[in-house]
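Visitor: Pasting a structure below so you can have a look.
The values are calculated or read from the model by the stated rules, or taken from the named source; none is laboratory data. Keep in mind that this is a model prediction, so the values were computed, not measured. Every residue, glycine among them, receives a Cβ derived from its backbone with ideal geometry; neighbour counts consider all protein chains shown. Accessible surface is based on the protein model in full, side chains and every heavy atom, while ligands, DNA and RNA are left aside. Shrake-Rupley method; radii C 1.70, N 1.55, O 1.52, S 1.80 Å.
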Amino acid sequence: MHQYLFFIGDFPIRAYGLILSLSIILATGTAYFLAKQDGRWHEHVVDIGIYGGLSGIVGARLWDVFFFDWDYYQHHLLEIPFVWQGGMAIQGGILFGFLAGYIYTKRHHIDTWAFADIVAPAIIMGQSIGRMANLLNGDAFGHPTGGPFGIIYPATTLAYQVYGDKPLWPAEIWEGQLDIIIFVLLLLFRTTNHAKGQVFILYAVLYSIARFFLEFLRGDYGTLLLGLKSAQLTSLAIIIIGSIFFVWCGVKQKSQPPEPKKTKGKK
């Protein structure tokens, strides 16, 4: 586990920033492949990847600052842009990235939900790679396992500053692994006769379910309401609302009359 890969003079090349950038690049590449395979809008994927990636970084940082670490940052406002310190909340990144994509698709007359269905697997794949950055940086860590098993982080990490050399649950590793499982499930679901919007909604619901339970292992911030953490409350809202919309999309598709079959004219 290395926070700093190497130095260019006195400038550190951090594993966190490099892997985070790689997650955006690879997610965009995967989205391009899926859109090219689908035959629609692949020429817009790189632009959306850039806008969505940058917006996602801003949203992830602001979400973490205001919902997870405001007790600290309200006294250290100048450190809010210091993303290399860690502290990026994926739920905020998804929200801001989606808003950027929504605005782009509307301005270019692209079917937003159909496009979201195409690229949803790429998003969760990018999230999985992003958790590698958390591991290397020593953030998004778990609480102590209470036994001789778990991850012991280096002394330079935030995890060590909080818990010392106690073994911690590998929360970020398990989330990255679950993300890969969700990635495969979404690819399989795309092959079914699904309604428009259902792939993206399923992505949001499945990730929220995984995140809700993994939060019981997280040790980098405390509870907010009813013994639940802020990410769990957000996940619950997405699970409930997303499940309703998932069913509604299916019912709406069944209620629509089938398109008339095209017949070939006689020569």
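Visitor: Got a sec? Which helices (runs of 4 or more DSSP H) wholly within the stretch 20-122 have at least 3 residues that are under 20 Å from the mean Cα position of the chain (by Cα) and over 25 Å from Thr223 (Cα atoms)? Break it down into steps so the answer makes sense when it comes.
Guide: Details: elements: 45-67, 70-73, 90-107.
Fully inside the stretch 20-122 and qualifying: 45-67, 90-107.
Visitor: Kindly list the number of the only condition in (1) modelled with pLDDT under 85; (2) outside the structural domain of Ser128 (by the TED database) that fails for Phe11.
Guide: (2)
Visitor: Return yes or no: is Ile90 out of contact with any Ser or Thr (no Cβ under 7 Å at 6 or more places or on another chain), surrounded by fewer than 19 Cβ atoms within 10 Å (Cβ to Cβ) and not assigned by the TED database to the domain that holds Thr223?
Guide: Details: out of contact with any Ser or Thr (no Cβ under 7 Å at 6 or more places or on another chain): yes; surrounded by fewer than 19 Cβ atoms within 10 Å (Cβ to Cβ): no; not assigned by the TED database to the domain that holds Thr223: yes.
No: the conditions fail for Ile90.
Visitor: Just need a number here: residues in the stretch 125-162 that are open to solvent by 60 Å² or more (accessible area, probe 1.4 Å), touching a residue at least 60 places away in the same chain (Cβ under 8 Å) and aliphatic (A, V, I, L, M).
Guide: Taking the stretch 125-162 and keeping what is open to solvent by 60 Å² or more (accessible area, probe 1.4 Å), we get 132, 146, 148-149, 152, 155-156, 158, 160-162.
So of that shortlist, the ones also touching a residue at least 60 places away in the same chain (Cβ under 8 Å) come out as 132, 156, 158.
Okay, now just the ones that are also aliphatic (A, V, I, L, M), so 132, 158.
Summing the residues that are open to solvent by 60 Å² or more (accessible area, probe 1.4 Å), touching a residue at least 60 places away in the same chain (Cβ under 8 Å) and aliphatic (A, V, I, L, M) in the stretch 125-162 gives 2.
Visitor: Report, by residue number, each residue of the stretch 163-217 that is under 19 Å from Ala133 (Cα atoms), touching a Gly at 6+ places or on another chain (Cβ under 7 Å) and in contact (Cβ under 8 Å) with a residue 40 or more places away in the chain.
Guide: Leu168, Trp169, Ala171, Leu217
Visitor: OK, next. For residues that are crowded, with 22+ Cβ neighbours inside 10 Å and without any contact (Cβ under 8 Å) to a residue 60 or more places away in the chain, tally how many sit in the stretch 95-124.
Guide: Residues that pass the stated criteria total 2.
Visitor: Just to verify a result, which residue in the stretch 58-87, among those that are touching a Lys or Arg at 6+ places or on another chain (Cβ under 8 Å) and surrounded by 13 or more Cβ atoms within 10 Å (Cβ to Cβ), is farthest from Ala122 (Cα to Cα)? Lay out the reasoning, then the answer.
Guide: Step one: of the stretch 58-87, the residues touching a Lys or Arg at 6+ places or on another chain (Cβ under 8 Å) are 80-81, 83-84, 87.
Now restrict to residues that are surrounded by 13 or more Cβ atoms within 10 Å (Cβ to Cβ): 80, 83-84, 87.
Details: Ile80: 28, Val83: 23, Trp84: 24, Gly87: 23 Å.
That would be Ile80.
Visitor: Determine whether Ser55 is in the same structural domain as Pro170 (by the TED database), in contact with a helix residue (DSSP H, G or I) (Cβ under 9 Å, 6 or more places away or on another chain) and open to solvent by less than 70 Å² (accessible area, probe 1.4 Å). Spell out the reasoning first.
Guide: Numbers: in the same structural domain as Pro170 (by the TED database): no; in contact with a helix residue (DSSP H, G or I) (Cβ under 9 Å, 6 or more places away or on another chain): yes; open to solvent by less than 70 Å² (accessible area, probe 1.4 Å): yes.
Taking the combined requirement at face value, the residue does not satisfy it.
Visitor: Now, a different point. For the stretch 157-207, which residues satisfy the criterion of being touching a Leu at 6+ places or on another chain (Cβ under 7 Å) and more than 30 Å from Ile110 (Cα to Cα)? Show your work before the answer.
Guide: Within the stretch 157-207, the first condition is being touching a Leu at 6+ places or on another chain (Cβ under 7 Å), and the residues that meet it are 159, 169, 171-175, 182, 185-186, 189, 199, 202-203, 206.
Selection gives Ala159, Trp169, Ala171, Glu172, Ile173, Trp174, Glu175.
Visitor: Sticking with this structure for a sec: Picking from Ile8, Ile13, which residue would you name as being open to solvent by 90 Å² or more (accessible area, probe 1.4 Å) and more than 14 Å from Gly53 (Cβ to Cβ)? Show your work before the answer.
Guide: On the way: Ile13 fails: open to solvent by 90 Å² or more (accessible area, probe 1.4 Å).
Answer to the check: Ile8.
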